[in-house]
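Have a look at the structure below, then the notes.
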Amino acid sequence: MIQLGISAFYHDAAACLVKDGKVLLAVEEERFTEVKHDASFPVNAIEWLLEESRIKITDIDEVCWYENPDIKKDRVLKTFNKRPFRTYFQRRKFLKEQKEHSPKSLLQAIGFTGPILYTDHHLSHSAFSFYTSNYSTAAILTVDGVGEWETVTISAGIGTKIHKHISIDFPNSLGMLYSTITAYLGFKPNEGEYKVMGLAPYGQANEYKEKLDKVFEKQTHNKFWINQKYFTWEYSDKIMFTRKLGRLLGFPPRLPEDPVEQHHKDLAAALQAVYEEQFSKLLTTAKNITKLDNICLGGGCAYNGVANVKAFEKFSSVHIPFAPSDAGSAIGACLYHYYLKDKTNKRISNSDPYLGPSYSNTEIKKAFKKYDNIFAYKLSEEKLVDKTADLLKNQNIVAWFQGRMEFGARALGNRSILASPSEANMRERLNYVIKKREGFRPFAPSVLENEASTWFDIKDAVPYMNVVCDAKVINNIYPFKAATHINGSCRVQTVNSNQNDRYFKLLQATKYKTGAGVLLNTSFNLKDQTITMTPDQAIKRFINSKINFLVIGNYLLTKDIK
């Protein structure tokens with residue numbers, strides 16, 4: 001059984017290839033187009049999957065689509081019917097896009113004429129989260145902006161089956177609320193939420209939390225309803241809020257070029273507090289309904305690493321997958337239909353996030369030979385790791401390009417920019433000189449799994465960098481100043497040899513040279529770029545930045561600075 005999984009037309013379009021329940025390859029469309037969060041039909045991703053696996057589109061047994069277009073159409077048209085005159089042009093645009101975005105037509109255009117299986121949006125999220133865990137039973141909580149109708153679901157995963165217990169429907173959406181305040185703060189929705197999370201610790205939540213609480217017009221022990229007088233979600237695809245929200249908050253929306261002032265920080269803090277409070281209630285409901293000790297989190301909101309900590313307070317064990325947003329749902333749709341057919345009740349391990357393109361040393365050499373100002377040194381793995389650890393110890397910034405690219409939003413040690421976390425000024429160097437981004441944005445530490453609890457207040461492994469925990473104070477200081485946020489928190493990635501052997505060896509070498517197996521790890525990209533995918537991209541970005549060294553495959557690259 002060969003399945004092609006697809007997500008498209010909202011954000012984070014992606015495609016994957018699954019054979020007999022094993023995920024072989026997966027990649028987001030944005031990696032090819034270099035358009036961040038590209039939502040278009042992932043034709044480039046599909047082409048790469050077929051080429052990499054050496055199969056034809058006619059070899060695919062079935063395509064699994066991550067949502068149900070008919071149910072989505074029902075929701076959109078019923079919503080438009082509430083305001084038929086106000087939404088006239090949106091309706092025309094939507095119906096035109098529905099025709100252009102027909103999965104059957106798009107797949108026929110690339111030669112696929114087999115069955116297309118549709119999976120409800122939140123069921124795809126649930127399936128991806130549960131089936132990539134190692135749990136035989138678990139509660140499943142999914143939270144995002146909106147699928148077809150649903151914005152929240154609570155389910156139970158039992159063996160190979162998923163049983164939904166409760167859902168909350170549009171327009172009552174925590175994800176939409178978070179994105180709306182993100183837009184109000186002058187950041188781009190579905191992209192700038194990370195900035196709001198980073199900004200929140202600089203503010204005080206009290207004043208604006210009381211105001212944001214007022215947008216919830218009704219709440220029960222397991223559901224909430226949002227007053228739509230503050231929002232335009234039902235009739236506008238351009239502006240997400242009304243003037244009434246501005247009057248409620250007491251200040252106008254921030255424009256992207258405006259300075260970030262204290263009231264913006266306070267609103268960010270309030271938004272995070274409101275989200276965490278509502279999220280915590282949903283976790284309690286999931287616990288009470290399922291009576292299970294494990295939980296899997298899914299949906300784009302599962303990238304909120306600060307809120308995710310709440311799950312550890314209510315459950316014995318927590319699993320958050322490596323790509324919980326719509327990209328991962330391409331995989332989730334395939335796994336759902338695989339286990340629906342499978343009668344063995346045998347689960348297959350799918351915990352590996354390194355599913356994208358990789359390049360041989362021969363391909364890498366061909367790429368850098370085109371540049372006169374690049375000097376390359378080919379080293380054995382042992383010497384490469386040792387030399388890189390020395391460079392990092394000496395406060396150099398190193399781009400690290402290895403193996404298969406990660407699937408999802410996090411760089412997990414294969415497409416990373418690495419630095420020593422020990423000196424506070426390294427954060428400023430990276431934020432202002434390399435990444436050219438806001439100074440309030442935090443960086444994440446990677447740490448050897450077996451010593452994570454030495455440096456951080458953490459109990460379980462967090463291999464996908466999706467939980468924020470507190471850094472421990474050692475000798476009255478935070479030892480990793482560049483990777484510790486203003487409130488003493490860190491979004492940690494734990495690393496072991498089975499997960500990523502070469503990156504593990506680098507952290508071991510770092511421990512030998514510095515006493516701590518910890519490195520600052522951020523994604524290998526510059527401002528407004530997608531994560532680096534190809535050797536050619538890597539070399540160009542290395543040349544056009546102040547990154548000191550590029551380690552790519554078995555090569556150490558330096559540049560002639562004139």
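The values are calculated or read from the model by the stated rules, or taken from the named source; none is laboratory data. What you see is a predicted model; the values in this text were computed from it and never measured. Neighbour counts run over all protein chains shown; Cβ positions are idealised from the backbone, glycine included. What goes into the accessible areas is simple: the full protein's heavy atoms, side chains included, and nothing from ligands, DNA or RNA. Shrake-Rupley method; radii C 1.70, N 1.55, O 1.52, S 1.80 Å.
Taking the square roots of 5 times each eigenvalue of the Cα gyration tensor of the stretch 453-528, largest first, gives ellipsoid semi-axes of 19, 17, 14 Å. Averaging Cα coordinates gives a centre for the stretch 75-127 and one for the stretch 23-64; these two points are 20 Å apart.
Just the accessible area for ASP237, please: 1.4 Å probe, Å², rounded to the nearest 10? So the heavy atoms of ASP237 present about 90 Å² to solvent. Accessible area per residue for the chain is 42 Å², calculated with a 1.4 Å probe on protein heavy atoms, without ligands, DNA or RNA. Counted residue by residue at 0.36 nm each, then reduced by the alpha carbon distance between them, the extension gain from GLN204 to PHE375 reaches 56.6 nm. A Förster radius of 30 Å, combined with the Cβ-Cβ distance separating ALA109 from LYS238, puts the computed FRET efficiency at roughly 0.50. Within the accessible area of the chain, the carbon and sulfur atoms contribute 50%, probe 1.4 Å, all protein chains present. Considering every alpha-carbon pair of the stretch 91-215, the percent of pairs per 10 Å bin, from zero through the bin containing the longest distance, is 11, 26, 31, 25, 6, 1. Could you check what % of the DSSP bridge pairs in the chain are antiparallel, to the nearest 5? Around 75 percent of the beta bridges assigned by DSSP in the chain are antiparallel ones. Relative to the current alpha-carbon distance between LYS73 and HIS221, full extension at 0.36 nm per residue lengthens the span by 50.2 nm.
Per the Cα gyration tensor, the stretch 1-91 maps to an equivalent ellipsoid with semi-axes of 32, 16, 9 Å, ordered largest to smallest. Treating only the Cα positions of the stretch 112-183 as identical point scatterers, give the base-10 log of I(q)/I(0) from the Debye formula at each q in 0.15, 0.19, 0.27 Å⁻¹. Evaluating at q = 0.15, 0.19, 0.27 Å⁻¹ gives log10 I(q)/I(0) of -0.56, -0.78, -1.13.
What the Cα convex hull of the chain gives, in volume per residue, is 153 Å³. Residues ARG243, ARG541, ARG429 ordered from highest to lowest accessible area at a 1.4 Å probe: ARG243, ARG429, ARG541. With a length cut of 24 Å (Cα positions projected on each helix's long axis) and a Kyte-Doolittle mean of at least -0.5, go through the chain and give me the DSSP H helices that pass. Those that clear 24 Å and a mean of -0.5 are 262-290. Taking packing as the residue-averaged number of other Cβ atoms within 10 angstrom, the listed peptides 73-83, 173-183 run from highest to lowest as 173-183, 73-83. Say a paramagnetic label sat at a point 7 Å from the Cα of LYS511, along Cα to Cβ; which residues of the stretch 470-496 have their backbone N under 12 Å from it? Counting backbone N atoms under 12 Å from the label point, the list is 495-496. For the peptides 346-359, 444-457, the ranking by mean Cβ contacts within 10 Å, running from highest to lowest, is 444-457, 346-359.
In terms of distances greater than 19 angstrom between alpha carbons, the cross-link table entries LYS378/LYS559; LYS36/LYS366; LYS393/LYS505; LYS82/LYS214; LYS164/LYS223; LYS281/LYS310 yield LYS36/LYS366; LYS82/LYS214. Counting only residues at least eight positions apart within a chain, or on another chain, the aspartates and glutamates with an alpha carbon under 14 Å from that of LYS511 are ASP386, ASP390, GLU449, GLU451. Amide H to amide H, with H built 1.01 Å from N, SER489 comes under 5 Å of ALA471, counting only residues 5 or more places away or on other chains. Highest average first, the peptides 118-130, 140-152, 210-222, 29-41 ordered by how many other beta carbon atoms sit within 10 Å of their residues are 118-130, 140-152, 29-41, 210-222.
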